[in-house]
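One structure is given here, and the rest of the page talks about it.
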Amino acid sequence: TLSAQADGASSIWEAAFPIAAAPAHVYFRALYIDGLGQSHILEVWRDADRRLRRKTDDAIDLYVTMKASGEPDYHIVDHKRGAVIHADRLTLYRMGRFSGWLGLAHVLDAPRGAYTVTSLPKAPASKSTGQCAWFRLEVAEPVRTLNDVCWSARWGLPLEINSTDANGDSATARFSVERVNEFQPTDAIFDIGQEPLNIDARTDGDVSD
């Protein structure tokens, strides 16, 4: 049983949620419920640690490209507004989006504050998308949250995430992968395309990790 508490202890996180064995080129489609209880469809194309595309409800595309400096470059395509927004990490932080590459590419991002990861005494789940092992993730700050995560080391993804009540008893499905497979990356998949409105929202500020 893995049970530990730490402030950003990467060894603890990596032991529960490993990504090293995952294929370089992964596509997945998932259903998730946001904080307002609304359902959404998420599609993600992950081209190793070079490029990433996240598509939400045919409405928003987020393209991420790692620059030679190691800093990610972001383009947000808002299809409803007909706009392409060129952004950086500070811009996303100001928009309330706090996930780094790990969270964007692998769904879960290590919390910045104290957290606990405990393996659950459940048998590994066999799903149509593969097998996954259950862990309970408790985050203490800024608000205490409990989530049961079924993690697939094969794909480097959670195949299911259920939020639980304060006692860890009643669970609500929040995230579920419907399909996952390897894919052949092409420039067409990661082509931002053209929109009538182009906005440069990059800043000169720094965001510390």
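The values are calculated or read from the model by the stated rules, or taken from the named source; none is laboratory data. Just so it is clear, the model here is predicted, and its values are computed rather than measured. Using ideal geometry, Cβ is built from the backbone for each residue, glycine included, and neighbour counts are taken over all protein chains shown. With ligands, DNA and RNA removed, areas are computed over all heavy atoms of the protein, side chains included. Shrake-Rupley method; radii C 1.70, N 1.55, O 1.52, S 1.80 Å.
Here is a check on your reading of the model: is residue 90 in a strand (DSSP E or B) and more than 17 Å from residue 61 (Cα to Cα)? In short, no.
Pull up the stretch 39-59, narrow it to residues that are small (Gly, Ala, Ser) and surrounded by 13 or more Cβ atoms within 10 Å (Cβ to Cβ), then point me to the one that is farthest from residue 158 (Cα to Cα). Out of the qualifying residues, it is 59. Pairing each residue of the stretch 2-18 that is within 18 Å of residue 105 (Cα to Cα) and assigned to a loop (DSSP other than H, G, I, E, B) with any residue that is open to solvent by 40 Å² or more (accessible area, probe 1.4 Å) and modelled with pLDDT of 85 or more, provided the two are 6+ apart or on different chains, yields C-beta distances under 7 Å for 18/153. Output yes when any residue across the stretch 66-84 is in contact with a helix residue (DSSP H, G or I) (Cβ under 9 Å, 6 or more places away or on another chain), touching a residue at least 60 places away in the same chain (Cβ under 8 Å), in a strand (DSSP E or B) and not aliphatic (A, V, I, L, M), and no when none is. Within the stretch 66-84, not a single residue is in contact with a helix residue (DSSP H, G or I) (Cβ under 9 Å, 6 or more places away or on another chain), touching a residue at least 60 places away in the same chain (Cβ under 8 Å), in a strand (DSSP E or B) and not aliphatic (A, V, I, L, M).
Please work out if residue 104 is surrounded by 19 or more Cβ atoms within 10 Å (Cβ to Cβ), in a loop (DSSP other than H, G, I, E, B) and modelled with pLDDT under 95. Reasoning before the result, please.
On the way: surrounded by 19 or more Cβ atoms within 10 Å (Cβ to Cβ): yes; in a loop (DSSP other than H, G, I, E, B): no; modelled with pLDDT under 95: yes.
Considered against the rule, which asks whether it is surrounded by 19 or more Cβ atoms within 10 Å (Cβ to Cβ), in a loop (DSSP other than H, G, I, E, B) and modelled with pLDDT under 95, residue 104 comes out as no.
Restricting the first member to the stretch 37-55 and to residues that are at pLDDT 95 or above, and the second to residues that are of a type in the set (Asp, Glu) and loosely packed, with under 14 Cβ neighbours inside 10 Å, the beta-carbon pairs closer than 9 Å and six or more apart or on different chains are 40/34; 40/57; 41/57; 41/58; 42/57. For the stretch 184-201, which positions are over 14 Å from residue 63 (Cβ atoms) and open to solvent by 100 Å² or more (accessible area, probe 1.4 Å)? Selection gives 184, 196. For the residues 174, 179, 154, 136, the requirement of being open to solvent by 40 Å² or more (accessible area, probe 1.4 Å) and under 14 Å from the mean Cα position of the chain (by Cα) singles out 174.
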